[in-house]
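Engineer: I'd like to ask you about the structure that follows.
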Amino acid sequence: MALLELEGVKKIYGQGEIKVEALRGVDLEIGVGEFSTLFGPSGSGKTTLLNLIGALDKPTEGSVRLNGMNIGEMNKNKLAMLRRENLGFIFQDFNLIPVLTAFENVEFALKIASKNGAPTGEKAREVLEMVGLGDKLHRRPRELSGGQKQRVAIARALVKEPKLILADEPTANLDSDTARGILEIMVRMNKELNTTFIFSTHDPMVMEYARRLLEIRDGRITRDERRE
């Protein structure tokens, strides 16, 4: 079953003679529960592709469908709703709100996504415990290590149980042991919750864990390798 479908996707920046073709015709299908990695040299189009998948931008040509919905045909309000209800983001610089505790950062993300004022505290606590931060609920970002901040970011992405989580260089600021621990958490969430993950990375360790490798060069996918 396809969660994500890209057909003939092109992205061109600029106009006239200053045009830059970031993506040059990408066809891709991602199924529910996949654990995939986009990799390639700097400037190959990884971040552009991730932004299109995450409904942060629209293609110049072609279509991007998430859960059957065409991103290119949506207005700003519908795009915001799509991101809120279907997507989770994990960034390499964490993007935590510095004045909020770990618990408050996660609960805030859930409150934005929740409907009808449903209770959020118990769920936020449960997910933080799941990523091993049950004893750090009331610590602010400045009181946490890099690995702990990344686990808060993972909890924030997971708490609303999105269909798809996009992780942009999630191990870039972590030492090897911490990075491996973070990846183990993501693998467990993928198996237990059937959450689909797509990474953008240069890190061989992330590629080691991936069950599908997607190499992108010069705006095109040049390798698509599946693993058991």
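Engineer: Under a straight-distance cross-link criterion of Cα-Cα below 16 Å, which aspartates and glutamates are reachable from K191, leaving out those fewer than 8 residues away in the same chain?
Structural biologist: E34, E161, E228
Engineer: Among DSSP beta bridges lying fully in the range 2-226, give the percent that are antiparallel, nearest 5.
Structural biologist: In the range 2-226, DSSP labels about 55 percent of beta bridges as antiparallel.
Engineer: Going through the cross-link list K78/K160; K58/K111; K11/K111, which pairs have a Cα-Cα distance over 25 Å in this structure?
Structural biologist: Flagged as over cut-off: K58/K111; K11/K111.
Engineer: Which one of N70, M81, L164 is farthest out on the positive end of the charge dipole of the range 2-226, using unit charges on Cβ (Lys, Arg +1; Asp, Glu -1) and the Cα centre as origin?
Structural biologist: M81
Engineer: Where does the chain land on Rg(C-alpha)/(2.2 N^0.38 Å)?
Structural biologist: 1.01
Engineer: Quick one: what are the phi-derived ³J(HN,Hα) couplings along the range 65-70, Karplus 6.51/-1.76/1.60 with θ = phi - 60°, whole Hz, x for glycine and proline?
Structural biologist: 10, 10, 6, x, 9, 7
Engineer: For the chain, what relative contact order do you get, as a whole percent, if you take Cα pairs closer than 8 Å and at least 6 residues apart?
Structural biologist: 29
Engineer: Then there is this: For the range 95-228, what proportion of DSSP beta bridges, expressed in % and rounded to the nearest 5, is antiparallel?
Structural biologist: Expressed as a percentage, antiparallel bridges in the range 95-228 total about 55.
Engineer: Also: Could you work out the longest stretch of the chain that avoids the trypsin sites (Lys or Arg not before Pro) located in DSSP loops with at most 15 other Cβ atoms within 10 Å?
Structural biologist: Result for the longest clean stretch: 116-226.
Engineer: Using Cα positions and a limit of under 13 Å, work out the aspartates and glutamates in reach of K76, with same-chain residues fewer than 8 apart set aside.
Structural biologist: Hits, sequence-local ones excluded: D57.
Engineer: Spelling out what I want: for every residue of the range 140-147, take phi, set θ = phi - 60°, compute 6.51 cos²θ - 1.76 cosθ + 1.60 (Karplus), and round to whole Hz; glycine and proline get x.
Structural biologist: Values, residue by residue: 7, x, 5, 9, 10, 6, x, x Hz.
Engineer: Something else: In whole Å, how far is the Cα centre of the range 178-220 from that of the range 1-74?
Structural biologist: Using only Cα atoms, the two centres lie 18 Å from each other.
No value in this document is a laboratory result; all are computed from the given coordinates. On a predicted model such as this, the values are computed, not experimentally measured, just so you know. Reconstructed Cβ throughout: ideal geometry from the backbone, glycine too, with neighbour counts over all protein chains shown.
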